[in-house]
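Taking it in order: structure first as structure tokens, then the write-up.
The values are calculated or read from the model by the stated rules, or taken from the named source; none is laboratory data. Model, not experiment: these values are computed from the prediction. Positions of Cβ are generated from backbone atoms using ideal geometry, with glycine treated the same way; all protein chains shown enter the neighbour counts.
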Amino acid sequence: MNTHNSHNILIFCFLIVVFFNHSYSQKGTITVVEDDKIPQMLHLKKSLEEENKLTDGYTIQLFYGEKNEANTIMNRYRNSFATWPASIKYETPNYKVWVGNFSTRLEADRALLEIKEKFPSAFILKPERK
């Protein structure tokens with residue numbers, strides 16, 4: 001009688017598992033509707049991240065002074081380096097030549113070692129983003 005009860009319990013457990021598995025299984029489909037502007041926004045975000053414009057980072061200043069000299073320094077830089085982007089910033093009444101947008105001080109230090117070979121007065125700064 002003991003094996004008969006065990007056999008019945010085993011069959012009962014099997015039927016419960018099959019029943020619950022079948023009764024609680026659900027099938028469904030998901031449809032994702034994506035706005036056409038989302039890929040454009042993702043591309044813009046990626047380019048801003050590459051230029052480090054979304055975070056406060058470090059930059060290297062090559063020059064501070066008058067516009068003609070700033071343009072000369074910018075051209076010299078671009079003829080020597082293509083690794084880091086450069087730009088001229090205006091701060092009344094002078095112009096600054098800034099190089100790179102580095103997320104860490106270590107990245108800026110590494111770049112500065114190379115840049116100082118051609119621009120000995122270059123230094124790292126952490127500009128305030130507006």
Give me the residue from the range 102-130 that is of a type in the set (S, T, Y) and under 20 Å from K89 (Cα atoms) and, out of that set, surrounded by the fewest Cβ atoms within 10 Å (Cβ to Cβ). S121
Expected single match for closer than 30 Å to G100 by Cβ, polar (S, T, N, Q) and at pLDDT below 80 among S6, S47 is S47
Of the residues in the range 93-116, those that are over 14 Å from F63 (Cβ atoms) and either in a helix (DSSP H, G or I) or at pLDDT 95 or above (or both) come to R105, L106, E107, A108, D109, R110, A111, L112, L113, E114
